[in-house]
Every structure is written in C-alpha cells, then in structure tokens.
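The values are calculated or read from the model by the stated rules, or taken from the named source; none is laboratory data. This one's a predicted model, so the numbers in the text were calculated from it and none came from an experiment. Ideal geometry is used to build each Cβ from the backbone, glycine not excepted, and the neighbour counts take in all protein chains shown. Note: accessible area is taken over every heavy atom of the protein model, side chains too, but ligands, DNA and RNA are not part of it. Shrake-Rupley method; radii C 1.70, N 1.55, O 1.52, S 1.80 Å.
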Amino acid sequence: MLQIQDNMNILNNLTSRFPAFSLTGIPGLESAQAWISIPFCCLYAIALSGNSMILLVISTQQSLHEPMYYFLSMLSATDLGLTLSTMSTTLGILWFDANEVSLDRCIVQMFFLHGFTFMESGVLVSMAFDRYVAICDPLRYTTFLTNSRIIQMGLLVIIRAVVLIVPLLVLLKPLSFCRMNPLSHSYCYHPDVIKLACSDTRANSICGLVALILTTGIDTPCIVLSYTFIIYSVLSIASPEERYKVFSTCVSHIGAVAIFYIPMMSLSVVHRYGQSAPKVVHSMMANMYLLLPPVLNPIIYSVKTKQIRKAILSYLTK
C-alpha cells in the first residue's frame, strides 16, 4: 500500500490540470535574443503599418470601393489579427525572457491565432472566386458580387472559423499535462500543445483533422479549380497582350496564396515528420508561417496593383 501511495504521489507531481507552458524563442541563440528582436520588431512594424495603410486607403478612397478591394481589406484585417495574436508573446520572450504562459492564456491565443488562420484561408478562396467571376463571367460581375453578398461571404468566413476553432479549444480543458511543458514555438500552436498532454488526445487529434479538412482540405482544391477555369479562359483570348493584361490581375492573389499555404504546409510536415530536425528549424519555420503573409501581402499588392499603389502615394503626398 505504501508503494502504491508513493507512485500516486509521483504521478501527481508529474501531471497538472492547470499547467504552465514554457514558450521557446530561438533555440541555441538565447544570449543573442536582444539582437534578434531587432529584425522581428522591423517585420512586425512592416506588417502593422502595411496592412493598416491598405485598410486606410481602401476605406477612404471612393475609387477603391469595389469587390476586389473589399476582399483585399478582409485579407489585411486577418493579417493584422495574425500579427497582433503572436506579437506579445514573441517580443516578450526576446525582450524580457518572459516564456511562461498558462493554459487559459494559451487557449485565448490559440483562439485568435487559429481563428485568423482559418479566416485568411477563407478570404483567399473568396478572392479566387472574385477573380474567377471577373475573368470568366465579367458581365455578371457587378450584379453577382454586390455589397450584401460580399458581407454574407465575410460573415460565412468568420462563422466557419469560430465553429471549427471552439470545439478544439473546449477539448483542451479536460486534459492533464505533464508539469514540464516546453513548447516548440514562441506562441501556442494546437498540435504542439496536445503533444504534451499526459491523457488521451484522440478526440483532440480527430477534431483537429476535421478542422484541417474543412479549411485547407476544401479551400485549396477550390482555389486550384478557380485558377484552372481562369487559365482556360485566358488561353482562349486571341491577343497575347490581352492575355497578359487579364492574367496580371491574378498575380498578386497567386503570390498571397503561395506565401500563406507553402509555410503552413511546411510547418505541418516538420511537425509530423521532422522530429529529428534541429529545434531551430522548428522555430524558424513557425515564425515564417505567421510572419511572411502579414509582411509580404501589403508589399505584393502595393507593387503589383496600380490602383493601390496610386492611392497610397496620393495619401502619403497629402
């Protein structure tokens, strides 16, 4: 009986229902974190200022009150959300070595982080549909993509994200976690958190898989299908100049899709199959996954979209 009691005490010491997690900065470079914070601050500043500028010019310039730019403003809003949801913990680690976070705070961060990720995926599908209608059925463009329909599409993107993320987070609360809870990233990432649980996580894994199928699993084929029709329609245009002009309107969106899905899929592969990879690889992939889209999207759209570029220059010169 004494041995059983000792074993129970050891088990209680190793597990906790209300754990604290230890976030990870840049493994192996802890002594240089103050210097590493400088490029991170620059990237966050670019993401915040760039996306805020896109939202500002679209809301104030009457000439940009069109479906394409409404969807772009949604993309900038989700990028701002992604930036703000991770900035506090990442800079907290780099500046103050504040790497401890509670389960409740982790759950709040995951709600916004994964929620905005699901929303961005939905917005990219909406933008692909916008380009499909504009190129393949231009006569119905203004009658089909009305303001009310765009609002409905935006609400559907938000509702889908909330419906998919809430069960994931509710299932985290009953889990027991080991007392030593080192996470692989500078923020709480759902697959990273459930790997540390000492109790059964099959329901969590199944729910996560369902959420992945209902977002990336549906959105990616929809985007590919849209561009299949777009390419077919563009190739049917006789004039090479017209082909280039029409397809150039899609270049910015193709860039946004690439910088969102490629880092996300790479991080998933590293998590699933790259356990032997150095920890610094996990950390860098995780930071690229969430920093690249908010930083690069405003730059891509400012450079490749003439109307956005002119509106920004006009606003700055005033």
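Picking from Leu156, Leu196, Val210, whose Cα lies most toward the positive end of the charge dipole for the stretch 126-214 (charges on Cβ: Lys, Arg +1; Asp, Glu -1)?
Sorting the options by dipole projection puts first Leu196.
Please give the length that would be gained between Ile151 and Tyr315 if that part of the chain were fully extended, namely 0.36 nm times their separation in residues minus their C-alpha to C-alpha distance (nm, one decimal). Mind dumping the intermediate values first?
On the way: separation 164, 0.36 × 164 = 59.04 nm, distance 2.64 nm.
Once the chain is fully extended between Ile151 and Tyr315, it gains 56.4 nm.
Could you calculate, for the chain, the ratio of the Cα radius of gyration to the Kirkwood radius, expressed as Rg to Rh?
Values: Rg = 22.3 Å, Rh = 21.5 Å.
Using Cα coordinates only, the ratio equals 1.04.
Helix 306-317 versus the longest principal axis of the chain: what is the Cα-based angle in degrees, 0 to 90, to the nearest 10?
Approximately 80 degrees, to the nearest ten.
Any idea of the accessible area per residue across the chain, 1.4 Å probe, to the nearest Å²? Show your work: numbers first, answer last.
Details: 16480 Å² over 318 residues.
Solvent-accessible surface per residue comes out at 52 Å².
In debye, nearest 20: dipole of the chain around its Cα centre with unit charges on the Cβ of K, R (+) and D, E (-)? It would help to have the intermediate numbers written out before the result.
Working: 19 positive and 15 negative charges, 95 e Å.
Magnitude of the dipole: close to 460 debye.
How many times 2.2 N^0.38 Å is the alpha carbon radius of gyration of the stretch 126-258? Kindly include the intermediate steps, with their values, before the conclusion.
On the way: Rg = 20.8 Å, N = 133, 2.2 N^0.38 = 14.1 Å.
Its radius of gyration relative to the 2.2 N^0.38 Å reference: 1.48.
Cα atoms only: what Rg and Dmax, in Å, come out for the stretch 24-77?
Answer for the stretch 24-77, Rg first and Dmax second: 16.9, 51 Å.
How much of the accessible area of the stretch 198-318, in percent, comes from carbon and sulfur atoms when a 1.4 Å probe is used? Each step should come with its number before you reach the end.
Numbers: 4920 of 6910 Å².
On the stretch 198-318, the fraction of accessible area on carbon and sulfur atoms equals 71 percent.
Calculate, axis by axis, the spread of Cα positions in the stretch 90-170 along the three principal axes, and write the results as whole Å, longest axis first.
Answer, in whole Å and largest first: 57, 29, 17 Å.
Let me know the Rg and Dmax you get for the stretch 55-204 when you use only its Cα atoms, in Å.
19.3, 62
For the chain, modelled as a Gaussian network with Cα springs under 10 Å, which listed residue fluctuates most, Met265, Met74, Met53?
Met265
In whole angstrom, how long is each semi-axis of the equivalent ellipsoid of the stretch 168-236, when you take the square root of 5 times every eigenvalue of its Cα gyration tensor and sort them from largest down? Let's see the in-between values first.
On the way: eigenvalues 299, 35, 10 Å².
The answer is 39, 13, 7 Å, longest axis first.
First compute the accessible area of the stretch 84-159 with a 1.4 Å probe, then give the percent of it belonging to carbon and sulfur atoms. Walk me through the numbers before you get to the answer.
Working: 2470 of 3690 Å².
Within the stretch 84-159, the accessible surface is 67 percent carbon and sulfur.
About its Cα centre, what dipole magnitude does the stretch 66-202 give when the only charges are +1 on Lys and Arg Cβ and -1 on Asp and Glu Cβ, stated in debye to the nearest 20? Could you put the intermediate results ahead of the total?
Numbers: 9 positive and 10 negative charges, 69 e Å.
Dipole of the stretch 66-202, to the nearest 20 debye: 340 debye.
Give me the extension gain from Leu214 to Cys178: residue separation times 0.36 nm, minus the current Cα-Cα distance, reported in nm with one decimal. Could you put the intermediate results ahead of the total?
Working: separation 36, 0.36 × 36 = 12.96 nm, distance 3.08 nm.
Length gained between Leu214 and Cys178: 9.9 nm.
If Rh is defined by the Kirkwood formula over all Cα pairs and Rg also comes from Cα, what ratio Rg/Rh do you get for the stretch 155-202?
Working: Rg = 12.8 Å, Rh = 12.2 Å.
Rg/Rh for the stretch 155-202 comes to 1.05.
I'd like the orientation of helix 279-304 relative to the chain: the angle between its Cα long axis and the longest Cα principal axis, in ° from 0 to 90, rounded to 10.
That helix lies at roughly 20 degrees to the long axis.
Cα atoms only, the stretch 234-318: Rg and Dmax in Å?
In order Rg, Dmax, the Cα atoms of the stretch 234-318 give 18.2, 54 Å.
Would you mind calculating the gained length between Thr60 and Val224 on full extension (0.36 nm times residue separation, minus the Cα-Cα distance), in nm to one decimal?
Details: separation 164, 0.36 × 164 = 59.04 nm, distance 3.31 nm.
Taking Thr60 through Val224 to full extension adds about 55.7 nm, to one decimal.
Based on the inverse mean of 1/r over its pairs of different Cα atoms, what is the Kirkwood hydrodynamic radius of the stretch 177-318, in Å? Before the final figure, lay out the partial values.
On the way: mean 1/r = 0.0540 Å⁻¹.
For the stretch 177-318, the Kirkwood estimate is 18.5 Å.
Among Glu100, Glu30, Glu241, which one shows the highest mean-square fluctuation when the chain is modelled as a Gaussian network with alpha-carbon springs under 10 Å?
Ranking Glu100, Glu30, Glu241 by mean-square fluctuation puts Glu241 first.
State to the nearest 20 debye the size of the charge dipole of the stretch 201-309 about its Cα centre, where the only charges are +1 on K and R beta carbons and -1 on D and E beta carbons. Please report the intermediate quantities before stating the final value.
Working: 8 positive and 3 negative charges, 43 e Å.
Roughly 200 debye for the stretch 201-309.
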